Amino acid sequence: MATINLQKGQKIDLTKGNPGLTKIMVGLGWDEVSKTKSGGFLSGLLGTKPAEIDCDASALMLDANDKLTSKERLVYFGNLHSADQSVRHSGDNLTGGGEGDDEQIHVELAKVPSGVHKIVFVVNIYDCVKRRQDFGHIANAFIRVVNSGNGQELCRFNLTEDYSGKTSLIVAEVYRHADEWKFAAIGEATRDASLGEIVRRYQ
């Protein structure tokens, strides 16, 4: 079965078309635009090196009203798993270097509490204001969903828009629909300067 490539706003069934799917891995990746492009010609001459861009992926477990009801349902580098162990973060990647996923979030769909109706995946740039960084410095961002049972990539959403000036991305969501789980590609950029500001949208 080939990977389904999604466009912004598209949705697909995850469990309905994949009987027995209970565990997924959500991989998020990005590349830093070349230093010469982002730092400018003078940065090389003057010997100054721009700070590494540290993007952080997080998962917010929301109720039926799209609210984050407890801090234990926010999974990020400072809280690597939800209290019920249904959502787990692989850990922080400080530079976005290397091929493939930069950060991974694992979800055991069968363990997700009934009160959680949606899991929203977001990426923000750590310390973006002080470092004067935004998503104009990032390229090739993507999110993909993999069947953890057999390693098959189910779908992928490449974020191809120009997000210059924006510092956070609401990338995608996995949500309940009747007795099934679906995936929606969102790709909404914001000027939220920290994960805390993103969280306030859901309180």
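What follows is calculated from the coordinates using simple rules that are stated; it is not laboratory data. Not measured: the values here are computed from a predicted model. A quick note on method: Cβ atoms are made from the backbone with ideal geometry, for glycine too, and the neighbour counts reach across all protein chains shown.
A simple rule links phi to the HN-Hα coupling: the Karplus curve 6.51 cos²θ - 1.76 cosθ + 1.60 with θ = phi - 60°, which for region 63-79 gives 8, 5, 9, 6, 10, 8, 8, 7, 5, 5, 9, 10, 10, 7, 4, x, 8 Hz, with x for Gly and Pro.
For residue 52 and residue 85, FRET efficiency with R0 = 41 Å and r from the beta-carbon atoms, rounded to 0.05?
On the way: r = 31 Å, r/R0 = 0.77.
The formula returns an efficiency of 0.85 here.
If I model region 62-163 as equal point scatterers sitting on the Cα atoms and use the Debye formula, what is log10 I(q)/I(0) at q = 0.10, 0.11, 0.14, 0.16 Å⁻¹? Rounded to two decimals, the profile gives -0.34, -0.41, -0.67, -0.87. Note on the chain: GNM, Cα springs under 10 Å; of 54, 162, 63, the largest mean-square fluctuation is that of 162.
One compactness figure for the chain is 1.03, namely its Cα radius of gyration divided by 2.2 N^0.38 Å.
Which FRET efficiency value, to the nearest 0.05, is calculated for residue 129 and residue 22 with the Förster distance at 41 angstrom and r the Cβ-Cβ distance? List each step's numbers first, then the result.
Values: r = 41 Å, r/R0 = 0.99.
In this case the efficiency is close to 0.50.
When 23, 71 are sorted by how many other C-beta atoms sit within 10 angstrom of their C-beta, beginning with the fewest, the order is 71, 23.
Among 128, 155, 55, the order by Cβ neighbours within 10 angstrom, fewest to most, reads 155, 128, 55.
Where Lys and Arg each count +1 and Asp and Glu each count -1, what net charge lies around residue 8 among other residues with Cβ under 9 Å from its Cβ? Write down the numbers at each step before the final one.
On the way: positive: none; negative: 161, 188.
Surrounding charge for residue 8 is -2.
Placing a pseudo-label 7 Å from each Cα along the Cα-to-Cβ vector at residue 12 and residue 33 gives an inter-label distance of 2.9 nm. Placing a pseudo-label 7 Å from each Cα along the Cα-to-Cβ vector at residue 3 and residue 178 gives an inter-label distance of 2.9 nm.
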